[in-house]
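Here the structure is laid out as structure tokens; the discussion comes afterwards.
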Amino acid sequence: MKRPFRTGLVAGLLALTLAGAACSSGSNSAAPKPAVSGGAVSAAAGTAPDAAPAPETTAPAPVSSTTAPAPAKPTATTAKPTPTTAKPATTTTKPAPTTTTTAKPAEHVTLRLGYFPNVTHAAAIAGVEKGIFADKLGPNVTLQTSIFNAGSAATEALFSGAIDATYIGPSPTINGWVKSKGAALRIIAGATSGGASLVVKPTINSAADLKGQKIATPQLGNTQDVAARAWLLTQGLKTDTQGGGDVHIVPQDNAQTLTAFESGAIAGAWVPEPWATRLVQEGGGKVLVDERSLWPAGQFVTTELIVSTSFLSAHPDVVERLLEGHIAATDWINQNPAEAQDVVNGGIAKVTGQAMNPATVVASWSQMAFTFDPLAATMSKEASNAQSVGLLPGTVNLDGIYDLSILNRLLSAAGRPTVSDH
């Protein structure tokens, strides 16, 4: 009886020992162990894969295979990246000041540029025809051009967003500045000085001979229109915007003016080049007033380059490249006058369908000076002239109309004299 009891006791103890070992082994195999696949750690069994658990207790978001966490818990490199990657922006959050105008060199931008088919816009025409603008703007800027015959149409296009920049005269620039309360545009460079005259029939010898006569201008309120009305007023002759007064001013297209002058329908016209020269050479007229005679040193702004404030703010780097092209085109014109005359004549012919007599271009060229100086001192006089003839209301404040900072930076970098905004 004793032997069977011992045998049963030993067998029972052995069974209990084996069962305990089995339980211990089963507990180890059930411990959570994250699976790693392609560097991404999967969620533990029973945990929703798309939950947003705290990083200390659950698997982190996918990481690179070189930073996969240890199976037991996320490693320190996952929760707290190493110092070499923790602050990657420290070298780019404070760019050098010189990078402000080239912040987006890879961005593709379209620049929509306006100009007139006149020799007074020679810098624009040469810049386009010679590929100077395209070269300076570079491959990331597409240049689109629009042609205008008068300044008011150009400013309206600028207001509507149809163009970004344009070559234009001072009077429509002032009108645009006043109309937008200084918000829409900035003058960024000059382009041309001179190149406008009052041409009349040979029988007219003074302002008094114009009383009761009709004379033409390119458009109501444009630069030559203001000049004509202001000069007539100094001669004691009044005008109004409806074509009445002592002298009847008829705003019309320049080509129409030439036809009207040849037919005798008008007694004269205050027009820019090359139309003033054409009225003399083709219409048999004579110059009664060369506008240069009305300004100190014979200098006054005829054409300038303006840009919309929105484009200037969004793309100062593109404006800088445009100005580089403008400076280069102006220099090329002054250094190569004979070739420039041919290029500009050809560029105008593309728009009008007919090239001018080369002698006309040569004669009109001598009436102008091409400069990127905006001759800012003459702008206040332009504004007061417009006020005196009722084309501008009240007092006009031109403070802020110029932004010559980019132009002057380029000139300084080239060791050239800067230009003034007053």
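Just so you know, all these numbers are worked out from the coordinates, no wet-lab data involved. These numbers were taken from a predicted model, which means no experiment stands behind them. A quick note on method: Cβ atoms are made from the backbone with ideal geometry, for glycine too, and the neighbour counts reach across all protein chains shown.
Observations on the model:
- Dividing the convex hull volume of the alpha-carbon atoms in the range 197-297 by its residue count gives 89 Å³ per residue.
- Once the chain from PHE159 to GLN256 is taken as fully extended at 0.36 nm per residue, the excess over their C-alpha distance is 32.2 nm.
- Summing Lys and Arg as +1 and Asp and Glu as -1 over all other residues whose Cβ lies under 11 Å from the Cβ of GLY151 gives a net charge of -3.
- Residue-count net charge about ASP246 - beta-carbon cut-off 9 Å; Lys, Arg +1, Asp, Glu -1: +2
- Cut-off 15 Å between beta-carbons: net charge of the residues surrounding ALA267, Lys and Arg +1, Asp and Glu -1: +1
- Reachable aspartates and glutamates, given that their alpha-carbon falls under 19 Å from the alpha-carbon of LYS179 and they are not under 8 places away in the same chain: GLU156, ASP164, ASP225, GLU304, GLU382, ASP399, ASP403
- Under 5 Å, built H, 5+ apart or other chain: amide partners of LEU185: THR309
- R0 of 25 Å, Cβ-Cβ distance ALA183-ASP135: FRET efficiency to nearest 0.05: 0.15
- Normalised by 2.2 N^0.38 Å, where N counts its residues, the alpha-carbon radius of gyration of the range 228-385 equals 1.21.
- Couplings 3J(HN,Hα) for the range 249-254, derived from phi with the Karplus relation 6.51 cos²θ - 1.76 cosθ + 1.60 (θ = phi - 60°), are 8, 10, x, 7, 4, 4 Hz, where x marks Gly and Pro.
- Long-range HN-HN contacts of SER146 with modeled amide H, under 5 Å: LEU113, GLY114, TYR115
- In order along the range 137-146, the Karplus-derived 3J(HN,Hα) couplings, from 6.51 cos²θ - 1.76 cosθ + 1.60 at θ = phi - 60°, round to 5, x, x, 8, 10, 9, 9, 10, 10, 10 Hz, and Gly and Pro are given as x.
- Taking amide H as placed 1.01 Å from N in the peptide plane, the amide H of GLY268 sits under 5 Å from that of ALA216, each at least 5 places away or on another chain.
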